[in-house]
1. Given the criteria more than 30 Å from I170 (Cβ to Cβ) and loosely packed, with under 11 Cβ neighbours inside 10 Å, does V227 qualify?
2. Which of the helices (runs of 4 or more DSSP H) contained wholly in segment 484-547 include at least 2 residues that are within 25 Å of H433 (Cα to Cα) and at pLDDT 85 or above?
3. When both residues are 6+ apart or on different chains and their Cβ atoms are under 7 Å apart, which pairs have a first residue that lies in segment 519-531 and is under 14 Å from G378 (Cβ atoms) and open to solvent by 20 Å² or more (accessible area, probe 1.4 Å), and a second that is modelled with pLDDT of 55 or more and assigned to a helix (DSSP H, G or I)?
4. Sort through I267, I274 and tell me the only one that's in a helix (DSSP H, G or I), within 18 Å of L303 (Cβ to Cβ), within 16 Å of the chain's Cα centre (by Cα) and not charged (D, E, K, R).
5. Looking at the structure I just gave you, is A482 under 24 Å from L452 (Cβ atoms), open to solvent by 50 Å² or more (accessible area, probe 1.4 Å) and under 40 Å from the mean Cα position of the chain (by Cα)?
6. Of everything in segment 412-441 that's surrounded by fewer than 18 Cβ atoms within 10 Å (Cβ to Cβ) and among the small types (G, A, S), which residue is farthest from I475 (Cα to Cα)?
7. Out of all the residues in segment 133-151, is one or more at pLDDT below 75, open to solvent by 90 Å² or more (accessible area, probe 1.4 Å) and touching a helix residue (DSSP H, G or I) at 6+ places or on another chain (Cβ under 8 Å)?
8. Being open to solvent by 80 Å² or more (accessible area, probe 1.4 Å) and either more than 30 Å from D304 (Cβ to Cβ) or modelled with pLDDT of 75 or more (or both) is true for just one of I248, I236. Which residue is that?
Amino acid sequence: ALNQELLTRAQFLKEVSLPYFKRKDSDFHDLQNHLQQLDKVVYSRFTIIDARGKVLADSRKDSESMDNHLYRPEIQTALTYGKGEAQRFSDTIKLNMKYLALSLQDENNLLGFVRVALPVREIIEEQQQLAAYVFAGCLIATLIALGFGFYFARGFALPVIALTKSAEAIAQGDYQQRVYLNNKDEIGKLARAFNYMAASAYDRMERITEDRNKLSAILSGLVEGVVALDHQQNIIHINNAAARTLKISASASIGSSVWSSIHIVEIHDLLQKIFTQGGVSQAQVRIPGEKSDTVIEVYAASLDQGSLGEKNRQGAILVLHDISELEMLENIRRDFVTNASHELKTPLTAIRGVIETILSDPTMDKETLWHFLQRMQGQTERLVTIVSDLMALSRLESGKNNDFQPVSLKAILNQSIKVFTTIAAEKNITISHNLDSINNEQSRVSGDAHALGQLTDNLVDNALKYTPASGSVDIELNIKDAEHRIELRVRDNGVGISKANQARIFERFYRVDKGRSRELGGTGLGLAISKHITEQHHGSISLESEPGKGSTFIVSFPML
């Protein structure tokens with residue numbers, strides 16, 4: 001009854017003070033005077049508080065001198081639930097008080113709070129008087145009710161307890177819980193309805209879980225990255241492919257704003273367009289990287305709901321397609337066509353020029369004609385060499401002729417050294433090696449002897465071409481027992497290769513020094529062929545070089 005009285009007074013105070021909050025020019029000092037007069041009549045303390053906790057009016061103290069009340073227990077409770085109660089000692093009026101506070105709202109906007117308080121001493125006196133009357137009535141009623149209640153309660157409570165336990169279990173996710181009652185009354189009907197509800201909920205959850213797992217598996221298995229956004233542009237799903245492409249954490253970004261997770265201007269502009277205009281849009285984005293840029297095609301589509309002309313943006317889908325490799329391959333293809341055309345055009349142009357010169361002078365002397373024919377022969381041989389290398393490269397890339405046999409890498413190297421010993425002697429270059437310390441059985445690998453011979457010939461020939469007279473070429477064959485691999489090192493003390501050129505040295509027709517390479521008779525395909533042969537034999541090839549100090553080509557193969 002006392003709580004109801006406090007509530008009635010608080011609701012009255014709420015109706016009185018609400019107009020003051022709605023008017024911007026309200027004078028709460030005038031309201032405070034009214035509250036003081038009202039306090040004298042009903043002997044209750046009245047307090048008006050704004051949304052930030054500032055006291056605007058109080059019936060027993062000047063509001064300007066009072067502390068902020070936002071963190072008073074009753075105010076905090078009213079802030080959460082709309083109504084709050086508390087009983088404590090008031091530092092303002094030095095009495096134990098019972099407080100009841102209500103929040104004031106206007107169209108879901110919090111305006112402030114009203115609070116009513118009574119001294120606990122008076123409440124206790126009223127409660128004691130009321131308790132005396134209530135006790136007598138309750139004692140009589142209890143004795144009567146106990147007799148009837150005990151009889152009915154046992155039959156009613158047990159099914160309710162069973163239903164309660166089952167409901168709690170279902171709330172925890174155990175949708176297989178059931179209640180088995182034989183009652184024919186309303187409790188029995190409730191139990192049967194409960195079981196039907198639990199079975200239906202279980203079936204729906206199973207379907208939802210199955211659909212969610214299928215969708216998650218599909219999205220996770222996609223090569224393309226997928227990012228789903230809600231209407232507030234928060235990330236609600238992102239698959240691993242998208243996280244890898246955007247270089248962000250999939251788990252950490254869920255629930256966060258797309259603007260705070262993805263720091264790419266082009267994607268932000270695309271989303272802004274989608275959420276403003278709707279439809280589908282596309283953009284190409286380049287993400288800088290340490291070694292190379294990542295290029296992605298981004299497709300964005302809005303998720304709309306509603307009829308035409310009244311669509312609401314429910315979210316958006318981003319689809320990311322990494323085209324870095326395609327762009328790289330396109331650049332390689334373009335460079336290959338350009339370089340191949342140039343390499344073929346040079347000897348053809350020379351041959352055409354010689355032929356035109358011969359045809360233009362029918363009386364040309366035999367010695368001059370012989371000179372021109374020798375030039376034609378040299379350029380023709382160069383064309384044959386380029387075409388042969390291209391055919392060899394094409395055969396290696398096609399993966400044909402992989403009928404590998406156990407072969408000795410030492411024996412193949414020895415053959416290459418014999419072939420180039422004469423050339424090295426002519427250039428006054430010393431070839432040294434450590435092959436005498438390894439037997440043929442130790443150096444066995446699975447491979448194509450012809451292809452491996454072409455690999456070693458290319459590496460030794462390359463070293464001799466770029467080593468000056470009186471230089472040296474060192475060949476090492478080392479057994480790596482711990483790694484179960486055999487390693488070939490071809491080292492020269494020639495011109496060396498800069499860091500910028502090392503990354504492209506194995507590309508087709510790529511030359512560090514184009515003029516010198518052609519003078520030495522190279523086609524620009526030797527190292528590309530060597531790389532393909534190495535990869536075909538499940539090996540690896542790398543380069544260590546420094547300009548002016550020479551180069552070392554390192555090839556490694558698995559041993560038998």
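The values are calculated or read from the model by the stated rules, or taken from the named source; none is laboratory data. What you see is a predicted model; the values in this text were computed from it and never measured. No Cβ is skipped: glycine too gets one built from the backbone with ideal geometry, and neighbour counts run over all protein chains shown. Side chains included, ligands, DNA and RNA excluded: accessible areas come from the protein's heavy atoms. Shrake-Rupley method; radii C 1.70, N 1.55, O 1.52, S 1.80 Å.
1. Details: more than 30 Å from I170 (Cβ to Cβ): yes; loosely packed, with under 11 Cβ neighbours inside 10 Å: no.
Spelling it out, it is not the case that V227 is more than 30 Å from I170 (Cβ to Cβ) and loosely packed, with under 11 Cβ neighbours inside 10 Å.
2. Because the criterion is at least 2 residues that are within 25 Å of H433 (Cα to Cα) and at pLDDT 85 or above, the helices (runs of 4 or more DSSP H) in segment 484-547 that meet it are 526-536.
3. Listed pairs, sorted by first residue: L520/K465.
4. Unique residue meeting the criteria: I267.
5. Numbers: under 24 Å from L452 (Cβ atoms): yes; open to solvent by 50 Å² or more (accessible area, probe 1.4 Å): yes; under 40 Å from the mean Cα position of the chain (by Cα): yes.
The answer is yes for A482.
6. In this case the residue turns out to be A425.
7. Checked against the condition, which is being at pLDDT below 75, open to solvent by 90 Å² or more (accessible area, probe 1.4 Å) and touching a helix residue (DSSP H, G or I) at 6+ places or on another chain (Cβ under 8 Å), segment 133-151 yields no hits at all.
8. Working: I248 fails: open to solvent by 80 Å² or more (accessible area, probe 1.4 Å).
It is I236.
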